1. Within the range 192-205, is even one residue modelled with pLDDT under 95, basic (Lys, Arg) and open to solvent by 30 Å² or more (accessible area, probe 1.4 Å)?
2. Please enumerate the residues belonging to the range 194-236 that are touching a Pro at 6+ places or on another chain (Cβ under 6 Å) and not aliphatic (A, V, I, L, M).
3. Does at least one position in the range 45-62 carry a residue that is closer than 16 Å to Val86 by Cβ, in a loop (DSSP other than H, G, I, E, B) and of a type in the set (Lys, Arg)?
4. Restricting to the range 206-228, give me the number of residues that are open to solvent by less than 10 Å² (accessible area, probe 1.4 Å) and closer than 20 Å to Trp85 by Cβ.
5. What residue, among those in the range 30-80 that are among the acidic types (Asp, Glu) and more than 22 Å from Gly99 (Cα to Cα), is surrounded by the most Cβ atoms within 10 Å (Cβ to Cβ)?
6. Quick one: Lys249 ticks every box in (1) in contact (Cβ under 8 Å) with a residue 12 or more places away in the chain; (2) not in a helix (DSSP H, G or I) bar one, so which box is it?
7. Name every residue in the range 14-29 that is open to solvent by 10 Å² or more (accessible area, probe 1.4 Å) and closer than 14 Å to Leu90 by Cβ, in order of residue number.
8. Tell me the residue from Ile94, Ile111 that is touching a residue at least 24 places away in the same chain (Cβ under 8 Å), buried (at least 20 other Cβ atoms within 10 Å of the Cβ), assigned to a helix (DSSP H, G or I) and among the β-branched types (Val, Ile, Thr), please.
Amino acid sequence: MKPPHHIRIGTPGAPKVAFGHGWDRSHRDFIPVAEALAPLVDAYLFDLPGFGKSERPDDAWGTVEYADYMARHMVDQLGFDLCTWVGHSLGGRIGLRLGRRSGGLIERLVIVAGAGIPRQTSKWEQLKRKRSSAKFQRLKANAKDEAELIELERKFGSVDYVHSRETGMRDIFTATVTEDQSADLARIMMPTTLIYGAEDRDTPPEIGRKIASLVPNASYVEVPFCDHISILDRGRHQIALAIKEGLPKGAPTAADLAEAKP
């Protein structure tokens, strides 16, 4: 498998920041943030395996496999020592795994609309969801052809679930979205900033607040009027601020590094 595609923005020699995007997205989501911080950071914007220009894994990876792969790549191929990981949605799930197993690689996490734990639902909502799932499975088993099956998926499934069939990522989608990282969150020791949109219906603020309560050194930020995707645009200044505030004190800027050149 080829190394994941990435672009690099910023100042070589400055603190490294790695960006991981959300499901069915690409490195392009974080270009505005990286460009805003270019004088202060050396930013690597990745297409996670299976997305953008990066090859799909051969197996049905979960976030553990994604985290292990990205950690090996950053250390072995890119020569990373310490870095900040910034992850949106799927990239946030992977970031929590990296924080748990980083071995000194990750010094700070910025998680944007990341999940990784179950949503809190009422007994009525749980019953309703269980009945809907049972109905879907029953109709799916009796589908006459693929066209009818696809129509059922559109009726019962999320947009990402439906599209994962078209992209050949259904097995990975199922593996990643069904994980529960609750038991591991208390072992994430590095400073962690959790940023969530107040209008996010895919990963609602309650998820962020719950993760913040379980990660020992976490802070929670809620951005008004933003949903799961607009948090990347309207909330980009908050993301940039969280990265900037977490940079080591006295870290070299582009001007410092330019002056140091012979």
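1. Yes.
2. Once the filter is applied, which keeps residues that are touching a Pro at 6+ places or on another chain (Cβ under 6 Å) and not aliphatic (A, V, I, L, M), the range 194-236 yields Tyr196, Asn217, Glu222, Arg236.
3. Scanning the range 45-62 turns up no residue that is closer than 16 Å to Val86 by Cβ, in a loop (DSSP other than H, G, I, E, B) and of a type in the set (Lys, Arg).
4. Start the filter on the range 206-228 by keeping residues that are open to solvent by less than 10 Å² (accessible area, probe 1.4 Å), which leaves 207-208, 211, 215, 226.
Restricting the remaining residues to those that are closer than 20 Å to Trp85 by Cβ gives 207-208, 211, 215.
Result for the range 206-228: 4.
5. Going through the qualifying residues, I end up with Glu55.
6. Exception for Lys249: condition (1).
7. Trp23, Asp24, Arg25, Ser26, His27, Asp29
8. Ile94
The values are calculated or read from the model by the stated rules, or taken from the named source; none is laboratory data. Because the structure is a prediction, the values reported are computed rather than measured. Please note: Cβ atoms are built from the backbone with ideal geometry, for glycine as well, and neighbour counts cover all protein chains shown. Quick note on the areas: whole protein, heavy atoms, side chains included, nothing else; ligands and nucleic acids left out. Shrake-Rupley method; radii C 1.70, N 1.55, O 1.52, S 1.80 Å.
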